[in-house]
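Notes follow the structure.
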Amino acid sequence: MPKAGSESSLDGQGKPLWLVLELTYRCPLKCPWCSNPVDFGRAGANELTTDEWMRVMAEGRKLGALQLGFTGGEPMLRPDLEELVAEASRLGYYTNLITSGVGLNDGRLAALKRAGLNQIQLSIQSADRALTDSLVGARCHDLKIDVARKIKAQGFPMVLNVPLFRHNADQVEEILDMAEGLGVDYLELANIQYYNWALLNRTELLPTLEQMRLAEQAVVAARARLGERMTIYFVIPDYFEQRPKACMNGWGAIHLTIAPDGAALPCQEARQITSLEFPTVREHSLKWLWEESPTFNTFRGDTWMKAPCRNCDEKERDFGGCRCQAFLLTGDAANTDPACARSEHHHLIEEAIAESGRHGRTAQPLVMRQTCAAK
């Protein structure tokens, strides 16, 4: 999560340093930018058992994984969460819970603390009660604020994650004030990426460049005012830049996600690349999946690259951009990410921005996360 204008690169030396466990796709909220698959009801069926997750964590440590994220859906819906956290702590992971806050009460917070959980990332959608509740399809803003205070009371380092898009981008100053008032350690103003539900709603969610500029100005001012009291992450969406992000520090470089059904993914969105197969931990060891599976090896290195990436002097910095975005927008995951101005498909990004601007004058209803989606 680099700060705006910064660049970072992490060499995992062939190890999956960051292991993410998507314990479930079940969730009580209906966020229309959800990163879970649009067909999450099918894709999330047949969740791994407690024992299967235990095996995954043990195999991950043997591969060199250091940081472990429990996410979903809503991971609090797994009654074995505390047991899984305790085992992860015993294995030596640094553990992070990524949650909407729904289901996180005093009792479970205390149990997670005893189990050894290191950090909690709580999501909230705005500084305004009515907007938050309407965006997630549930009355939960006050609950989230209460949970944030409980997290701090338990002594957890807390990341407050605020997904940014057109509907809340004008509230950045208010969000910064809210985070400061809550004593947040890390504030992630996460400009959403357009996959799955967010792509379905892209025309309605995409902010304007002017909104992003004003938001960045507010962040710069807050950093100057707050100093070391709160770390603020903010990165302009790649739709508004001329170069793509270095997605996941490169395909299969440091990041390994396990989906609820055990599918091994180079990133949480990779399953959208329908030209690839995604074998599961029920079929293979984590070592084989990471080191030998075609899924992870297809886009490692640079031999797969087409022009202009193949001869680009920036390919070791951005790795050709996002493979999922390339596939979703061009139909070929080996193409240059259209977010790059050098891509022959960059016009697709420009057209999406123009279309969103036209629709912005007459807002359309959002398609809320649901079992069956249609638009």
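The values are calculated or read from the model by the stated rules, or taken from the named source; none is laboratory data. The shown structure was predicted, so the numbers you read here are calculated from the model rather than taken from an experiment. Cβ coordinates were reconstructed from backbone atoms using ideal geometry, including for glycine residues, and neighbour counts include every protein chain displayed. For the accessible areas, the whole protein counts, side chains as well, though only heavy atoms, and no ligand, DNA or RNA atoms are used. Shrake-Rupley method; radii C 1.70, N 1.55, O 1.52, S 1.80 Å.
About the Cα centre of the chain, how large is the charge dipole given +1 on each Lys and Arg Cβ and -1 on each Asp and Glu Cβ? Please answer in debye to the nearest 20. Walk me through the numbers before you get to the answer.
Values: 41 positive and 48 negative charges, 87 e Å.
Here the chain has a charge dipole of around 420 debye.
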Task: Residue-by-residue Karplus 3J(HN,Hα) for segment 192-206, coefficients 6.51, -1.76, 1.60, Hz, glycine and proline x - done: 5, 9, 9, 10, 6, 5, 5, 5, 4, 10, 4, 4, 8, 8, 4
Open item on the list: Connecting C-alpha atoms closer than 10 Å in a GNM of the chain, tell me which of E82, E74, E52 has the biggest fluctuation.
Closed with: E52
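List, in the order given, every pair from K245/K306; K113/K287; K113/K150; K113/K152 whose Cα-Cα distance in the structure shown is over 20 Å.
On the way: K245/K306 18 Å; K113/K287 30 Å; K113/K150 12 Å; K113/K152 12 Å.
With Cα atoms farther than 20 Å apart: K113/K287.
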TODO: For segment 233-331, just the Cα atoms, rotate onto the principal axes and tell me the three extents in Å, largest first.
DONE: 41, 30, 26
Task: Whole-Hz couplings from phi, Karplus 6.51/-1.76/1.60, listed for segment 267-278; x for Gly and Pro - done: 7, 5, 9, 4, 5, 6, 7, 6, 7, 9, 9, 10
Task: Table column - 3J(HN,Hα) (Hz), segment 336-350, Karplus curve with 6.51, -1.76, 1.60, x for Gly and Pro - done: 4, 3, x, 5, 7, 5, 7, 6, 5, 9, 4, 4, 5, 5, 4
TODO: Name the most mobile residue of N311, N297, N249, meaning the one with the largest mean-square fluctuation, in a Gaussian network model of the chain with Cα contacts below 10 Å.
DONE: N311
TODO: Give the residue from A130, L189, A88 lying farthest towards the positive end of the charge dipole for segment 54-211; charges sit on Cβ (+1 for Lys and Arg, -1 for Asp and Glu) and the dipole is referred to the Cα centre.
DONE: A88
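When the Kirkwood radius is taken over all Cα pairs of segment 243-291, what Stokes-Einstein diffusion coefficient follows at 37 °C and 0.692 mPa s, in µm²/s? Can you show the working numbers first?
Numbers: Rh = 11.5 Å.
Translational D for this selection: 287 µm²/s.
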Open item on the list: Over the Cα atoms, compute the radius of gyration (one decimal) and Dmax (the largest Cα-Cα distance, rounded to a whole number) for segment 295-359, in Å.
Closed with: 12.6, 41
Task: Whole-number D in µm²/s for segment 199-249 (Stokes-Einstein; Kirkwood sum over Cα pairs; 20 °C, 1.002 mPa s) - done: 165 µm²/s
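If the only charges are +1 at each Lys and Arg Cβ and -1 at each Asp and Glu Cβ, what is the size of the charge dipole of segment 1-130 around the Cα centre, to the nearest 20 debye?
Values: 14 positive and 15 negative charges, 40 e Å.
My answer is approximately 200 debye.
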Open item on the list: Out of the total accessible area of segment 111-229 (probe 1.4 Å, heavy atoms of protein only), what percent is carbon and sulfur?
Closed with: 47 percent
Task: Separation of the D302 and E241 label points, Cα + 7 Å toward Cβ, nm - done: 1.9 nm
- [ ] Could you order T71, T303 by accessible surface area, starting with the largest, using a probe radius of 1.4 Å?
- [x] T303, T71
Task: Antiparallel %, DSSP beta bridges [both residues in the chain], to 5 - done: 10 percent
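Using a 1.4 angstrom probe, figure out how much accessible area the chain has per residue, in square angstrom, rounded to the nearest whole. Intermediate values should be presented prior to the final figure.
Values: 16030 Å² over 375 residues.
So the chain comes to 43 Å² accessible per residue, rounded to a whole number.
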TODO: May I ask for the distance between the Cα centers of segment 177-204 and segment 236-262, given as a whole number of Å?
DONE: 16 Å
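Hey, how much of the P(r) for the chain falls beyond 25 Å, as a percent of Cα pairs?
Details: 38860 of 70125 pairs.
Counting every Cα pair in the chain, those more than 25 Å apart make up 55 percent.
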Open item on the list: Need one number: nm distance between label points at E228 and A111, each 7 Å from Cα along Cα→Cβ, rounded to one decimal.
Closed with: 3.8 nm
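Relative to 2.2 N^0.38 Å, what does the C-alpha radius of gyration of segment 140-259 come to as a ratio? Two decimals please.
Taking N as the residue count of segment 140-259, the ratio is 1.16.
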